[in-house]
Amino acid sequence: MSSPKRKFPNYSLRFPKAAIEEFAEEMQNVGDEVDAASAALVANLTHDLRALSGQIYNSSEVLKSALDNNAYSSVRRHSDSITAAQQMLSLRLDMLDYSTGLALERDPEAIPVYKKYDKVVKCFQPNADVSEIKLEIAGPSQGYTFGAPVFELVPFVLVENAMKYSPKKSIVKVKVTDFEKYIDAHVQSFGPKITRAEIERLFEQGFRGEAARKSGKSGSGIGLYAAKSLIRGSFNGELSVTQDAVAINMDGAEVWGTTFSCRVPRVY
């Protein structure tokens, strides 16, 4: 059997096969080292930002405790806004931890579901006031679930989306309810039309509905995908969306009642 013809018959190899393979292996090792260094850099940066976030929060709390009730009207409101901004930074860091896989390396823990939703609602309250949107949470739930220590990512994504697409003078309602074996959380708001075909794809990575794209609101189609992946993968739960069949007119535009529902197992 004749050997295959060389692609470049007049070119002789300057390096033996073993040397080429050794060089390729060295380059692979260099690439692995660069990836490891980048991951370490992100981890260190996240750690430093969390430390800074904690300092902001502590300073804000000290300021509030030093104020008497008569000072609430101005300075205390600004202090509340600082605290909300700090909590928002913390939530963004949770998102970064999840996207880089760092969060899933941390030990799972018991999660007080209502408290996590309440924390997110308080973070968005200053934005709601500026946008003339009524943001409220009801319960109260006392139940705990169990999973990765970045559960806040889920209510953050759901409330952020609700706030983003809600018209002025509308309301965003968050309700957390305990049942014997599971905990339900619903985020209800008014927003653009989601077709039946789009509902089936809404949690796909990178997907955005047509009305959402045309709204001019920024979005990457990553948040809902990450939230559902986290709920399914770490909490053995489910995340879904439903929308009213009939639109209403609000602030000069047609909007539909939209509900995102999150169900997770209750551990106690």
### Task
For K17, go through the lysines and keep the ones whose alpha-carbon is under 22 Å away, minus same-chain ones fewer than eight residues off.
K5, K7
### Summary
Checked region 180-268 with the C-alpha gyration tensor, a ≥ b ≥ c its square-rooted eigenvalues, rounded below a/c of 1.5, otherwise prolate if a/b is larger than b/c and oblate if not; verdict oblate
### Message
For a quick check: sort I248, I137, I222 by the number of other beta carbons within 10 angstrom, fewest at the front.
### Response
I248, I222, I137
### Message
Residue by residue through region 170-184, what is 3J(HN,Hα) from phi via Karplus (6.51 cos²θ - 1.76 cosθ + 1.60, θ = phi - 60°)? Round to whole Hz and write x for glycine and proline.
### Response
8, 10, 10, 10, 10, 9, 10, 10, 8, 10, 4, 10, 8, 10, 9
### Task
State, as an integer percentage, the relative contact order of region 98-159 based on alpha-carbon contacts under 8 Å between residues 6 or more apart.
53 percent
### Query
How many nm separate the modelled label positions at D80 and I199, each set 7 Å beyond the Cα in the direction of the Cβ?
3.7 nm
### Query
Counting pairs of alpha carbon atoms under 8 Å apart in space and at least six apart in sequence, what relative contact order in percent does region 87-207 give?
26 percent
### Query
Per-residue HN-Hα couplings for region 206-212, Karplus 6.51 cos²θ - 1.76 cosθ + 1.60 at θ = phi - 60°, whole Hz, x for Gly and Pro?
x, 8, 9, x, 4, 5, 5
### Task
Nearest 5 is fine: what % of DSSP beta bridges in region 130-230 come out antiparallel, could you say?
55 percent
### Query
What are the ³J(HN,Hα) values, in whole Hz, obtained from phi via the Karplus relation 6.51 cos²θ - 1.76 cosθ + 1.60 with θ = phi - 60°, for each residue of region 127-142 in sequence order, with x given for Gly and Pro?
5, 5, 4, 5, 7, 6, 10, 7, 10, 9, 10, 10, x, x, 9, 10
### Summary
Interchain or sequence-distant (5+) residues whose placed amide H lies within less than 5 Å of the amide H of I133 are K169
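Values quoted throughout were computed directly from the atomic coordinates according to the rules given, and no laboratory measurement underlies them. These numbers were taken from a predicted model, which means no experiment stands behind them. Every residue, glycine among them, receives a Cβ derived from its backbone with ideal geometry; neighbour counts consider all protein chains shown.
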